[in-house]
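**Student:** Encoded as C-alpha cells, here's the structure I'll be asking about.
Every number here is computed from the coordinates shown, using simple stated rules; none is lab data. Please read all numbers here as calculations on a predicted model, not as lab measurements. Note that each Cβ is placed from the backbone with ideal geometry, even for glycine, and that neighbours are counted across all protein chains shown.
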Amino acid sequence: MKKEIVSPNVRNFIMSLRDVGYTFDVAVADVLDNSIAAEASEIHIHMLPEPDLIFCMLDNGNGMSNKDLVEAMRLGTKNPNDTRSKLDLGRFGLGLKTASFSQCTKLTVISKKSNKISAKQWDLNYIAKEDEWALLTPTLRQLNHLPLFKQLKAQESGTLIVWQLIDGVSKDDLSSTISGLRKHLSLVFHQFLEGAPKYKAITITINNNPLKPFNPFNTSHPATQQLAIEKLKINKSTIIVQPYILPHHSKLSQQEYEQYATEDGYIKSQGFYLYRARRLLIYGTWWGLHRANDAHKLVRIKVDITNEQDKLWDIDIKKSTASPAPEIKNDLKNIIRQVTEKGSRPYTGRGRKIEDKTTTKFWELVPHDSGLRFALNQSHPLLEKLQEDLSESNRQLLDMYLKGLQAYLPLESIQAQLQQNPYELQQTTMLTDEDIKDIATKLKLAGLSDEAIKDLLKTEIFKNHKELFNNGNQ
C-alpha cells in the first residue's frame with residue numbers, strides 16, 4: 001500500500017491547541033499540578049502588570065535536567081495509560097503546554113537541578129512564522145530580567161514557569177483575576193494547604209500573600225454532619241465516599257454562611273466533589289443521578305480516587321470534567337438516597353414547627369385536595385376580636401382581603417430570597433416593641449376576659465411579652 005506523509009499545518013494547529021477551553025484559573029491549577037508532582041513544598045506565584053502583563057510560578061521541587069526539560073516541553077510527553085507515581089496529577093503529558101498556550105503565546109520554563117540551570121521556550125509567534133516546532137533556548141541575559149529568576153538561582157533546585165504575551169486576561173481585570181485565582185486555588189488544593197498526618201502542608205503564595213485552605217465541607221464546625229464512609233470496590237480499585245451535611249444557616253454567622261456558599265451559591269454547590277490524589281477536580285455535580293433542589297442544598301459528598309482510576313471517570317485533559325462509569329452509578333445512587341433523606345431534615349424539621357400546639361400562630365399548614373397550602377389562622381384571637389367590632393359588610397370585605405392575601409402568598413419569591421439572602425430577610429422588624437405595647441394597651445382598655453387574655457398570651461406577638469398584661473394571667 002502506498003503511503004503519503006501529510007504534516008499538519010502548524011499555524012492552524014497552534015490555534016486549535018489554544019482553544020481547548022481553559023479558563024485562567026483552571027489553566028494555572030493545571031500548571032501548578034506539576035509543582036506538586038515535583039514534591040515542591042513552596043510555590044510562589046507572581047502576576048505583574050508592568051511593563052507588560054507577566055505571570056510567573058516558582059517552586060522548590062526536584063527540578064529537571066536539560067534532557068528532562070526538553071522532554072517536559074514535548075507535546076504528549078506521556079502515555080495516558082502508563083502507570084504513574086501516586087503524586088503525579090497529570091495524565092496526557094499536555095497540561096503544562098495546553099494550559100499555558102491557552103493564556104499566552106510565549107512559554108518559558110527554567111529549571112535547576114544538580115546545581116545546573118536549564119531553560120527552554122515555546123514562542124508560538126515564532127513557530128507560526130517558521131512553520132515548524134522549533135524549541136528555543138533563551139540566553140542567560142534574556143533570563144536575568146525575569147521575575148523570580150534570582151530566587152531560582154539561589155535555591156538548590158526548583159522550576160520557574162513564565163507566561164509572556166498574555167492574552168487570556170487583561171491588565172484592566174488584574175485585581176479581580178487575582179482575587180478569583182486565590183479562591184480557586186484555595187479550594188482546589190485545600191488538602192495540600194491543610195496537610196495531613198502523612199502529608200506535610202505546602203505553601204502557596206500569590207504576590208507574596210499566602211493562600212488559606214478553603215475546605216468546602218466546613219469540617220471544623222460542630223454542626224457539620226459527617227456521615228459514615230462508604231468504600232466502593234470496582235475491579236481492584238477502591239473509591240472512598242464521604243458524605244457531609246453542612247450546617248443550617250441559623251447555626252452560622254452571615255459571613256460564614258456566604259463563604260461556604262462558594263461563588264456559585266448553595267444550590268449549584270450541592271452534590272459530588274471528586275478528588276484525585278487529594279486534588280479537587282470538579283464539584284457541585286450530581287452527574288445526572290439526582291436533580292438539584294433547595295431541600296438538598298446542604299448535601300456535599302466527597303469522592304476520593306487514585307490517579308490509577310482515570311478510565312473509570314472519563315477525566316478530560318483540563319481535569320475539569322468527569323463522569324463515573326456505569327458500574328459505579330448504582331452505588332452512587334444508593335448513597336444519594338441515604339444522604340439526601342438526612343440532608344433535607346434541617347428544612348423539613350423546621351417546617352413542621354408551624355404545627356406547634358403551644359403557640360397560637362398567624363399561619364397554619366392545611367391539607368387541600370391532594371396537596372397542602374398555607375392559610376391564615378381564622379381562630380386567632382386578634383382576628384376574632386377585629387371581626388366582632390366590624391359590620392357585616394366590612395367583615396365580608398376583610399374576609400375577601402384575607403383570602404386574596406393567602407391565595408397570592410409569594411412563595412417563589414420567599415423561597416428565592418431564603419436561598420440567596422437568608423440573613424437579609426428581617427420580617428419580624430415590621431412589628432416594633434412600641435407597636436406591641438400600643439396593641440396591648442388598646443386590648444386591655446377593651447375589657448378583655450381572663451380567658452381572652454390567656455389566648456392572647458399564646459400568640460406569637462405576646463408570648464414573649466407577658467409583662468404587658470399586668471393582671472397576672474398566664
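**Student:** At a 10 Å Cβ-Cβ cut-off, how would you order Arg276, Arg337, Arg373, fewest neighbours first?
**Tutor:** So the residues, fewest neighbours to most, are Arg337, Arg373, Arg276.
**Student:** Go through His249, Leu448, Leu75 and say which Cα lies farthest out towards the positive end of the charge dipole of the chain; charges sit on Cβ, +1 for Lys and Arg, -1 for Asp and Glu.
**Tutor:** The one lying farthest along the dipole's positive direction is Leu75.
**Student:** Exposure proxy check: Thr159, Thr428, Thr205 ranked by fewest other beta carbons within 10 Å?
**Tutor:** Thr428, Thr205, Thr159
**Student:** On to the next question. For segment 158-230, what is the convex hull volume of the alpha-carbon atoms per residue, in Å³?
**Tutor:** 167
**Student:** Here is a further query. Using unit Cβ charges (K, R positive; D, E negative) and no other charged atoms, how large, in debye to the nearest 20, is the dipole of segment 10-210 about its Cα centre? If you can, show how the numbers build up before the last one.
**Tutor:** On the way: 23 positive and 22 negative charges, 109 e Å.
Charge dipole, segment 10-210, about its Cα centre: 520 debye, nearest 20.
**Student:** Using a 7 Å offset from Cα along Cα-Cβ at Val70, what residues in segment 148-175 end up with backbone N under 19 Å from the label point?
**Tutor:** Inside the label zone: nothing.
**Student:** Next question, about the same structure. Would you calculate, for the chain, the mean residue ellipticity at 222 nm contributed by helices, counting each DSSP H stretch of 4 or more residues as -39,500 (n - 2.57) and dividing by all residues, to the nearest 500?
**Tutor:** -10500 deg cm²/dmol
**Student:** Just for the Cα atoms in segment 225-348, what are the lengths along the principal axes, largest first, rounded to whole Å?
**Tutor:** Principal-axis extents of segment 225-348 (Cα, largest first): 43, 29, 22 Å.
**Student:** Within 14 Å, Cβ to Cβ, of Leu135, how many net charges do the neighbouring residues add up to if Lys/Arg are +1 and Asp/Glu are -1?
**Tutor:** With Lys, Arg at +1 and Asp, Glu at -1, the net is 0.
**Student:** Over the chain, what is the mean sequence separation of C-alpha contacts under 8 Å (at least six apart), divided by residue count, expressed as relative contact order in percent?
**Tutor:** Computed over the chain, the figure is 12 percent.
**Student:** Using a 7 Å offset from Cα along Cα-Cβ at Ser250, what residues in segment 408-430 end up with backbone N under 14 Å from the label point?
**Tutor:** 423
**Student:** Quick check for me: using +1 on Lys/Arg Cβ and -1 on Asp/Glu Cβ, what's the dipole size of the chain about its Cα centre, in debye to the nearest 20?
**Tutor:** Dipole of the chain, to the nearest 20 debye: 1980 debye.
**Student:** Evaluate the distance, in nm, between pseudo-label points positioned 7 Å from the Cα of Asn215 and of Val10 along their respective Cα→Cβ axes.
**Tutor:** 5.1
**Student:** If the viscosity is 1.306 mPa s and the temperature 10 °C, what Stokes-Einstein diffusion coefficient in µm²/s follows for the chain when Rh is the Kirkwood radius over Cα pairs?
**Tutor:** Stokes-Einstein gives a translational diffusion coefficient of 58 µm²/s.
**Student:** Percent antiparallel among DSSP beta bridges with both residues in segment 225-348, to the nearest 5?
**Tutor:** 75
**Student:** Lys/Arg Cβ at +1, Asp/Glu Cβ at -1, dipole of segment 10-210 taken about the Cα centre: which of Ile166, Gln155, Leu181 is farthest positive-ward?
**Tutor:** Gln155
**Student:** Place +1 on the Cβ of every Lys and Arg and -1 on the Cβ of every Asp and Glu in segment 356-468, take the dipole about the Cα centre, and give the residue among Gln415, Leu372, Met430 whose Cα lies farthest towards its positive end.
**Tutor:** Working it through, the farthest residue towards the positive pole turns out to be Leu372.
**Student:** For a Förster distance of 30 Å, can you work out the FRET efficiency between the beta-carbons of Asp52 and Lys236, rounded to the nearest 0.05?
**Tutor:** About 0.05, to the nearest 0.05.
**Student:** Something else about it: Using Cβ contacts closer than 10 Å as the measure, can you line up Ser237, Ser100, Ser176 from fewest to most?
**Tutor:** So the residues, fewest neighbours to most, are Ser176, Ser237, Ser100.
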